[in-house]
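The values are calculated or read from the model by the stated rules, or taken from the named source; none is laboratory data. Note that the coordinates shown come from a computational prediction; the quantities given were computed from them, not determined experimentally. FYI the Cβ positions are ideal-geometry reconstructions off the backbone, even for glycines, and counts take in every protein chain you see. Note: areas computed on protein heavy atoms with side chains; ligands, DNA, RNA excluded. Shrake-Rupley method; radii C 1.70, N 1.55, O 1.52, S 1.80 Å.
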Amino acid sequence: MKHQSVVIIGGGVGGLFTGAFLAKNGLTVTVLEKNPIYGGGLQCFSRKGKVFETGMHIMGGFEADGILSKICSYLDILDDLKIRHIPASCMDEIIYGTDGYNYRIASGKNGFIDSLSSYFPEERKGIERYVEALFSLTEELPLFYLKENTDNIQEHSEMFTWPADKFIAHFVTDEKLRELLAYLNPLYAGAKGHTPAYIHALINVLFIKGASRFEGGSQQLADSLVKVIKQYGGQVLCNKEVSELGVTDKSISCVKTVDGECFVGDWYISSIHPAILSRLIQPGVFRRGFIKRLNENPNSYSAFSLYIDLKPDVFPYIDHTCYFMEDYGMMWDQDKVNVNGAQKAFMFMTPPEINQGKYASRLLVHSVMNFDEVRQWSDTCVGKRGKDYQVWKKDIADKIIRQLELLYPDMRDMIEDIHTSSPLTIRDFFNTKDGAMFGYSKDCENMILSHLPVYTKASNLLMSGQNVNLHGICGVPLTAIHTAEAILGNNSLVKAINEAYETK
């Protein structure tokens, strides 16, 4: 591998993890990122000296023996990261506006069961069975536990592809409890009747095991991955938007960028949205049916984000994530209730600083939103969307603040400044179709559409990123392992990661 090179399109989480794995294993890596800043969902922006995260706010997998702890330890970057673990006594809080009721959810198997059972004591047996079933479903995906893959065809249980809402209802009968058990929907675009139970299980088990945050912003993980790539002789180039993939005999011969440069490698990896990739490659490489599938596959919903710069020493630091619901019955329909400017459901948190004290300096609000809410401005570009768009954003921000005032009556007096982003921002900066937060929707009614292979019809072109298999801060690195092993050899990377962790 020391004499092979790879060109990676996209410097987001998938591209950087894939690049770091391959660089550490002897390939010469070049990552091309279209934006001025690499990192994708790890990107941060700074305003008046304060850093705001754009994507990765909550993480699972950084607990002792966690997936990300092992992966980052293998890459020798774990000690570089400033991680704050969310207290096990309350990792999440669900707040309802109608009755003002707060449900505090603990982490750890026993803590999770006990906290929910305290609100629904008659459902304790069902909650216990539900949690055991969650963990059982994740066992059906060996890579989730960094186990070596076998050549045997994986057989899944019947519940594996049930709709997540059916899976929940199988164990508990109380309608409020059924809704609460789906509170993490905004982290994986949960859709009633469509989201497979295994996706629901993967995300929930990650957080039941323990949730964490970055102190001082998520960009540090992107910086650490870039450091690995450079340490082993690679490079990460920003402002390098790809315009075309050259093809010779159904193999990629080069990657051309908008500024006229040409990059050549033995291998090429796309970590951008597959529908966008299909527009960059010459006709004939991908079959027409495959291209149609890439462009017509339904995408997950998007989001509106409100970044609040708080005045000093006025708003308390909250050491967990909060989920606000205006009323019951909205958990599965957040992209449908937040329409026509309404803001009835959102999550909010206070990201921690290094040496975080009693008071927060920033408040982030993340509200699920369908791209249709901004479609009228879809032909505009950043900074040139017009006055109507600015008025619309201000109105959405005001409606969110009004909801926050139900919880914090002096909210407006605590605000120093406000910044916002919309599905258009996500579309343009993350280069994802319709601003999809989690790539393609995962649909239990059509599992084939929900998954793409890392291999393509071009012999030296592979895919990585959230549109292939799994999404999220944990799912994307696991997909990156799968992509890297397509070059390095099956199980080679999983074995190396486990061996490295055992010796440290």
Q. Which of the residues belonging to region 157-170 are loosely packed, with under 14 Cβ neighbours inside 10 Å and more than 22 Å from TYR183 (Cβ to Cβ)?
A. GLU158
Q. How many residues are closer than 21 Å to PRO409 by Cβ and either more than 25 Å from the chain's Cα centre (by Cα) or aromatic (Phe, Trp, Tyr) (or both) when one looks only at region 306-325?
A. 10
Q: Would you mention how many residues in region 331-357 are of a type in the set (S, T, N, Q), under 23 Å from ARG47 (Cα atoms) and open to solvent by 20 Å² or more (accessible area, probe 1.4 Å)?
A: 2
Q. Mind checking whether some residue in region 402-410 is loosely packed, with under 11 Cβ neighbours inside 10 Å and out of contact with any Gly (no Cβ under 9 Å at 6 or more places or on another chain)?
A. yes
Q: Pick out the one residue from TYR301, TYR328 that is over 30 Å from LYS358 (Cα atoms), more than 21 Å from the chain's Cα centre (by Cα) and either in contact (Cβ under 8 Å) with a residue 60 or more places away in the chain or open to solvent by less than 30 Å² (accessible area, probe 1.4 Å) (or both).
A: TYR328
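Residues checked against (1) under 25 Å from ALA20 (Cβ atoms); (2) surrounded by fewer than 21 Cβ atoms within 10 Å (Cβ to Cβ):
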site	(1), (2)
ARG178	no, yes
GLY190	no, no
ASN204	no, no
GLN219	yes, no
LYS230	yes, yes
LEU237	yes, yes
GLU244	no, yes
ASP249	no, yes
SER278	no, yes
Q | Scan of region 105-120 for residues that are assigned to a helix (DSSP H, G or I) and aliphatic (A, V, I, L, M), ordered by number | A | ILE113, LEU116
(Q) Among the residues of region 33-45, are any surrounded by fewer than 16 Cβ atoms within 10 Å (Cβ to Cβ) and not aliphatic (A, V, I, L, M)? (A) yes
Q) Is at least one residue of region 156-175 touching a His at 6+ places or on another chain (Cβ under 6 Å), part of a helix (DSSP H, G or I) and more than 25 Å from ALA23 (Cβ to Cβ)? A) yes
Q. What residue, among those in region 468-504 that are open to solvent by 10 Å² or more (accessible area, probe 1.4 Å) and part of a loop (DSSP other than H, G, I, E, B), is nearest to GLY40 (Cα to Cα)?
A. HIS471
Q: Could you tell me which of the residues GLU132, GLU123, GLU148, GLU179 is in contact (Cβ under 8 Å) with a residue 60 or more places away in the chain, in a helix (DSSP H, G or I) and charged (D, E, K, R)?
A: GLU179
Q. Which residue pairs have Cβ atoms under 7 Å apart, sit 6 or more places apart or on different chains, and have a first residue in region 71-92 that is among the basic types (Lys, Arg) and a second that is part of a loop (DSSP other than H, G, I, E, B)?
A. LYS82/GLU215; LYS82/GLY216; LYS82/ILE354; ARG84/GLU215; ARG84/PRO352
Q) In region 17-57, what residues are part of a loop (DSSP other than H, G, I, E, B) and at pLDDT 85 or above? A) ASN25, GLY26, LEU27, GLU33, LYS34, ASN35, PRO36, ILE37, TYR38, GLY39
Q. Applying the selection to region 82-105, what residues are under 23 Å from GLY66 (Cβ atoms) and open to solvent by less than 10 Å² (accessible area, probe 1.4 Å)?
A. CYS90, MET91, ASP92, ILE105
Q.
Given the criteria outside any helix (DSSP H, G or I) and out of contact with any strand residue (DSSP E or B) (no Cβ under 7 Å at 6 or more places or on another chain), does GLY260 qualify?
A. yes
Q. Which one of these is touching a residue at least 24 places away in the same chain (Cβ under 8 Å), open to solvent by 20 Å² or more (accessible area, probe 1.4 Å) and either closer than 19 Å to LEU363 by Cα or touching a Cys at 6+ places or on another chain (Cβ under 8 Å) (or both): ASP434, ASP428, ASP398, ASP443?
A. ASP428
Q: Filter region 446-467 down to residues that are open to solvent by 40 Å² or more (accessible area, probe 1.4 Å), outside any loop (DSSP other than H, G, I, E, B) and modelled with pLDDT of 85 or more, then give me how many there are.
A: 1
